[in-house]
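Working notes, structure below.
Read-outs throughout are calculated quantities, based only on the coordinates presented, and are distinct from any laboratory measurement. Remember, it's a predicted structure, so these values are computed and weren't measured experimentally.
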Amino acid sequence: MTTFQIGEAAELLGVSPDTVRRWVDAGRLSASRDHQGHRVIDGVDLAAFVRSQAADPDARSEESSARNRLRGIVTAVVKDTVMAQVDIQAGPFRVVSLMSREAVDELDLRVGSVAVAVIKSTTVVVERAVKR
């Protein structure tokens, strides 16, 4: 059984350890104590919590087959005459998109804008993280 300490769970969720503690104290997320008395969260429980907190898939503005949607803030926009690079910080994740300058202008993407990175890929590489 995989368990996570409060700090590890916070890092995975992209929130502070205090936020995870508040969720546990409020009963929104279950935790138990390890043999040293530290609060730990079962991996299955953490996964269920994350799924329950995910945005409603039916709340999308457009119908799409893409399921990987990361909402974040635009942190950089670099444009030339034809193409543009847009950087989005979605929680702890940096997403970089290359698109036409015309698309950036039509969407009025600029630093500080809220944007959703919609990712559709035929290849997804999954790595198993080494526990620190």
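Observations on the structure shown:
- Kirkwood Rh, Cα atoms: Rg over Rh of the chain: 1.06
- Residues whose amide H falls under 5 Å from that of THR3, counting only those 5 or more places apart or on a different chain, are GLY43, with hydrogens built in the peptide plane.
- Cα gyration tensor of the stretch 68-119 - equivalent ellipsoid semi-axes, whole Å, descending: 18, 10, 9
- Diffusion coefficient (Stokes-Einstein, Kirkwood radius over C-alpha pairs, 10 °C, 1.306 mPa s) for the stretch 3-54: 147 µm²/s, rounded to a whole number.
- Less than 5 angstrom separates the built amide H of VAL40 from those of SER32, ARG33, ASP34, all sequence-distant by 5 or more or on a different chain.
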